[in-house]
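To start, the structure under review is shown below, and the notes come after it.
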Amino acid sequence: MSGELQALYAGRFDERDRAWKHVVWEILWKRIFSRWVDREGTLLDLGAGYCEFINHANARRRIAVDLNPETGRAAAPGIDVHATSGDDLGFLGSEEVDVVFTSNFLEHLPSKDALSRVLSEAHRVLKPGGRFILMGPNIRYLADRYWDYFDHHIPLSHASLSEVLQLKGFRLEHVEPRFLPYTVKGTRLRWPWLVEAYIALRPFSSRILGKQFLIVAAKQ
């Protein structure tokens, strides 16, 4: 990662934003994502960033991949951190991982060719039947704001990503076009009970406020 991009990410969210993100992800793990992850398995977080997801996840082996040097400093004890590209997971053997997770990462890749390579690597390292959980901004509902981030390169919707996942040998298990709001940046109402209420009121709340997709696919 270049120094410019590292500075970009460091300045995007302040300390209050990051603290709130950890609260949100702890709730999301307990209420949503834990159902898809085997606690005795191996979990890989692609584009782990500041480890908001992987730090709260429960799995026998947890692996974080990100080129950002801050990832290693943010990771909780016991997490195996690798500063490598998501399209080069050579440190892992084939069929070694039970679940691959990625959130708000794919849109930052430089091209669709790079995206294709990342999906191929995820498919390679997953065990047969292993799950790939993907979250990201859905351009279908964010056409007016998607390009406000300088490092967004690939426009993705739930439909386009579902299509390429199937081409790469995945079977779709769960596709939610509207899952979470776009970002926590600038959010003023930072109360955990509001997050709990949002989850409890889904899919109604998601239909109104959801701007990010959630896809769960299984390796065939």
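The values are calculated or read from the model by the stated rules, or taken from the named source; none is laboratory data. Just so you know, these numbers come straight off a predicted model, no measurement behind them. In this analysis, Cβ positions are derived from the backbone assuming ideal geometry, glycine residues included, and neighbour counts consider all displayed protein chains. The area values use the complete protein model at the heavy-atom level, side chains included, leaving out ligands, DNA and RNA. Shrake-Rupley method; radii C 1.70, N 1.55, O 1.52, S 1.80 Å.
The set of residues from the stretch 161-197 being modelled with pLDDT under 95 and aromatic (Phe, Trp, Tyr) comprises TYR182, TRP191, TRP193. Taking the stretch 45-105 and the strands (runs of 3 or more DSSP E) fully enclosed by it, the elements with 3 or more residues that are in contact with a Gly (Cβ under 8 Å, 6 or more places away or on another chain) are at 61-65, 97-103.
In the condition set (1) touching a residue at least 60 places away in the same chain (Cβ under 8 Å); (2) closer than 23 Å to PRO155 by Cα, PHE33 is compliant with all but (2). Evaluate the stretch 28-38: report whether one residue or more is of a type in the set (Phe, Trp, Tyr), surrounded by 15 or more Cβ atoms within 10 Å (Cβ to Cβ) and either in contact with a Ser or Thr (Cβ under 7 Å, 6 or more places away or on another chain) or at pLDDT below 95 (or both). No, the stretch 28-38 contains no residue that is of a type in the set (Phe, Trp, Tyr), surrounded by 15 or more Cβ atoms within 10 Å (Cβ to Cβ) and either in contact with a Ser or Thr (Cβ under 7 Å, 6 or more places away or on another chain) or at pLDDT below 95 (or both). The condition (being among the aromatic types (Phe, Trp, Tyr), touching a residue at least 60 places away in the same chain (Cβ under 8 Å) and open to solvent by less than 60 Å² (accessible area, probe 1.4 Å)) is satisfied by just one residue among PHE179, PHE150, PHE213, PHE170: PHE213. Please enumerate the residues belonging to the stretch 110-126 that are of a type in the set (Ser, Thr, Tyr) and part of a helix (DSSP H, G or I). Across the stretch 110-126, the qualifying residues are SER116, SER120.
For GLU70, the conditions (1) within 28 Å of SER206 (Cβ to Cβ); (2) at pLDDT below 95; (3) not β-branched (Val, Ile, Thr) are fulfilled apart from (1). Here ARG39 meets each of (1) closer than 30 Å to LEU201 by Cβ; (2) assigned to a strand (DSSP E or B); (3) not small (Gly, Ala, Ser) with one exception, condition (2).
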